[in-house]
Amino acid sequence: MSDADTGEPVEVAGLPGRPEAVPLALSWDGAHLLVRTGPEDRPDRDLVLLGLGTGERRVFDADVDGLVEQAALSPDGRSMATLADEDGVRVGVTDLATGARKPLWSAEGWRSDAGVAWSPDGSLLAVGFIDEEEDRTDTVVLSVADGSVLARYEGLGAPGSPNGVWTGERELLLIEEFSDETVPPLFLHDVATGAVRRFDRAPGQVGGVSAVAAGRLVQRLPGGLFGCALDGSDPRPVLGLPPTYEVGFFDVSGAFQPR
């Protein structure tokens, strides 16, 4: 975590299942962290929703229809979307109050780094996966109500931040997996209208894309994480990292405002 006052990295107290624990997502309000515990904590693993200020824990089964690899918390904090990739990709939605799980969608293939991401109004899910037949990364947009596929973007993946994919109610950021260009461009796709906006990035302003937040791109550049315009210009530091640190997971809350 990053200290709000100093910007320095701070350790999460009471993180369950260390050292194998894998952080999966922040809640939209920044009050909770969803963690998948490791084998030292329990051989078949759990999903633990940890209250960052209180230490309170709620535990969910991480081995339904295959081991959950990625997950995201809904904007209203009531549901959790999970992605497992055993015998194909399987997406489900769990009610956090009752633990009841609803299978939503499945496909042949396996997970990509993008995972799952709720739209800001909680009605859609963007899901990244690797199409087994085509051997490429695709992104589908699902209706949470019935699991129907509303859009499919072939060869395009989203950032790996569960809360850092959508820039509006129906607009999401996607990146070409394989590009003929030296620097892969970014695309904002409007799911409702089909409109696409392209952003070309200058070679000197390109890093690993971690998220999009408040209309700005969060990139890993030499020296840490930087908030940039969508074309990579105007980089401003978000989190400075010493040379011994490496970002393995990044997510944002609704309060995060990159400069």
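Throughout, read-outs are computed from the coordinates displayed, never taken from laboratory work. In this text, all values refer to a predicted model and were calculated from it rather than measured experimentally. With ideal geometry, Cβ positions are generated from the backbone for all residues, glycine too; neighbour counts draw on all protein chains shown.
Structure data summary
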quantity	calculated
Residues whose placed amide H lies under 5 Å from that of LEU96, excluding near-sequence neighbours	SER79, MET80
5 angstrom amide H check on GLU69, placed H, neighbours 5+ away	LEU83, ALA84, ASP85
Among PRO159, PRO23, PRO222: highest mean-square fluctuation, GNM of the chain, C-alpha pairs under 10 Å	PRO222
Prolate/oblate/rounded call for the stretch 117-161, Cα gyration tensor, a/c under 1.5 rounded	oblate
Amide H contacts of TRP105 (H built 1.01 Å from N, under 5 Å, at least 5 apart or other chain)	VAL91
Within the stretch 80-188, chymotrypsin sites (Phe, Trp or Tyr not before Pro) in DSSP loop having at most 13 other beta-carbon neighbours inside 10 Å	PHE178
For the chain, built as a Gaussian network whose Cα springs stay under 10 Å, the top-fluctuating residue of PRO120, PRO103, PRO162	PRO103
